[in-house]
Amino acid sequence: MTNFALAIHGGCGVMAKLDLTDEEWKAARRDLGRALEAGYAVLKAGGKAIDAVQAAVVVMEDSPHFNAGHGAAMNENGIHELDASIMDGTTLAAGAVCAAQHIRNPIKAARAVLEHNDAVLLAGAAADRFAEAKGLAVEEQSYFTTERRKQALASMKAHAEAGTLAAARESEKHGTVGAVALDQHGHLAAATSTGGYTNKPDGRVGDSPIIGAGTYARDGVCAVSGTGKGEFFIRHVVGHEIAARIAYLGEDVKAAATKVIMEDLKPHNIGAGLVAVGADGSVAAPYNTDGMFRGWVTNDGEFFVASHDEVFRYEP
Ligand code: ASP
């Protein structure tokens, strides 16, 4: 059978098990499953990896359960500033937007940058204008806001005031969504979208729109999408670091991804996780937090989703 693969994450800022009701956990897992379905449909039909990762990320951006698009985190001023990027492993073409305030689906804008702009990364109001000019949906800020994100901002501000930031829960801090895929033609792609971390400084840009850090894809090597404190993903150039370990050291995807999360990032005492897929379709999803929303599809069409240790089969 032709080898193809898809893995997604919905961020390593997963709530503690008791923070959500069973119904809420089910709803989040259902949206992960729908994201997998959207990407898998593209791959199964012989479509391109880059279309598959975009399709999967759009579903998670539209879901209130993840920190991207609708449901994105707010910065210190209560404003949503959205970052996203997408990369085609075949051509190394990439597109990204950062600190955008109105684009309904930032990953679509990132793709439009890849397709229609000489630049790789567009920022702020210019990114919003570009998306609108390309006919993409734009929204008022209120579209992105959910009650949970408002509470997270209040809580992070209280922690900052009390000097107890270390005690803040991962779910209050951050999250991101991402997807990686290998298509039937052997091509790899990665996509990542985020609201960044809650209470982030005005104008702060994380790793998610930075090619090589939060997102990276190169045919014959791997595709990577990260989640966690972006400053460290930028410093360690995580996506490219994993690709370099595979290409130069001959490590497999799992070894390279686990090394970077557990040995390079964990000592910084930050939450971090990622999904990666290798040129052979093998998938890795390491994280150093209590949980990470994640999912993957096997070659024979079995869907799996998880938030903590327990892995659930998803019936499309
Ligand atoms: N990586 C994202 C950022 O730093 C946030 C996260 O994944 O938690 O913007």
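A residue that is open to solvent by 40 Å² or more (accessible area, probe 1.4 Å), within 14 Å of the ligand (Cβ to nearest atom) and under 21 Å from the mean Cα position of the chain (by Cα) occurs nowhere in the stretch 149-167.
Per-residue answers, yes or no, for (1) open to solvent by 10 Å² or more (accessible area, probe 1.4 Å); (2) over 21 Å from R294 (Cβ atoms):
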residue: G206; (1), (2): no, no
residue: G212; (1), (2): no, yes
residue: R218; (1), (2): yes, yes
residue: V224; (1), (2): no, no
residue: K229; (1), (2): yes, no
residue: F233; (1), (2): no, no
residue: V238; (1), (2): no, no
residue: A243; (1), (2): no, no
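Which condition number in (1) touching a Phe, Trp or Tyr at 6+ places or on another chain (Cβ under 9 Å); (2) more than 15 Å from the ligand (Cβ to nearest atom); (3) of a type outside the set (V, I, T); (4) not in a helix (DSSP H, G or I) is the one that P64 fails? Only one criterion in (1) touching a Phe, Trp or Tyr at 6+ places or on another chain (Cβ under 9 Å); (2) more than 15 Å from the ligand (Cβ to nearest atom); (3) of a type outside the set (V, I, T); (4) not in a helix (DSSP H, G or I) is unmet by P64, namely (1).
Say whether the condition of being touching a helix residue (DSSP H, G or I) at 6+ places or on another chain (Cβ under 8 Å) and in contact (Cβ under 8 Å) with a residue 60 or more places away in the chain is met by at least one residue in the stretch 234-247. No, every residue in the stretch 234-247 fails to be touching a helix residue (DSSP H, G or I) at 6+ places or on another chain (Cβ under 8 Å) and in contact (Cβ under 8 Å) with a residue 60 or more places away in the chain.
When residues in the stretch 177-198 are screened for being within 14 Å of the ligand (Cβ to nearest atom), modelled with pLDDT of 95 or more and of a type outside the set (G, A, S), 3 of them pass. Taking the listed residues D118, D128, the one that is open to solvent by 10 Å² or more (accessible area, probe 1.4 Å), in a loop (DSSP other than H, G, I, E, B) and either modelled with pLDDT of 95 or more or away from the ligand (no atom under 16 Å from the Cβ) (or both) is D118, with no other qualifying. Quick check on my filter: what residues within the stretch 248-271 are within 16 Å of the ligand (Cβ to nearest atom) and either without any contact (Cβ under 8 Å) to a residue 60 or more places away in the chain or surrounded by fewer than 20 Cβ atoms within 10 Å (Cβ to Cβ) (or both)? Matches in the stretch 248-271: A257, V260, I261, D264, L265, K266, H268, N269, I270.
Of the residues in the stretch 228-250, at least one is touching a strand residue (DSSP E or B) at 6+ places or on another chain (Cβ under 8 Å), of a type in the set (F, W, Y), modelled with pLDDT of 95 or more and not in a strand (DSSP E or B).
The listed residues are I234, I242, and the only one of them that is within 16 Å of the ligand (Cβ to nearest atom), over 27 Å from G186 (Cα atoms) and either touching a Pro at 6+ places or on another chain (Cβ under 6 Å) or not acidic (D, E) (or both) turns out to be I234.
The values are calculated or read from the model by the stated rules, or taken from the named source; none is laboratory data. Here the structure is a predicted model, which is why all the values come from computation and not from measurement. Every residue, glycine among them, receives a Cβ derived from its backbone with ideal geometry; neighbour counts consider all protein chains shown. These accessible areas exclude ligands, DNA and RNA; they are computed on the full protein's heavy atoms, side chains included. Shrake-Rupley method; radii C 1.70, N 1.55, O 1.52, S 1.80 Å.
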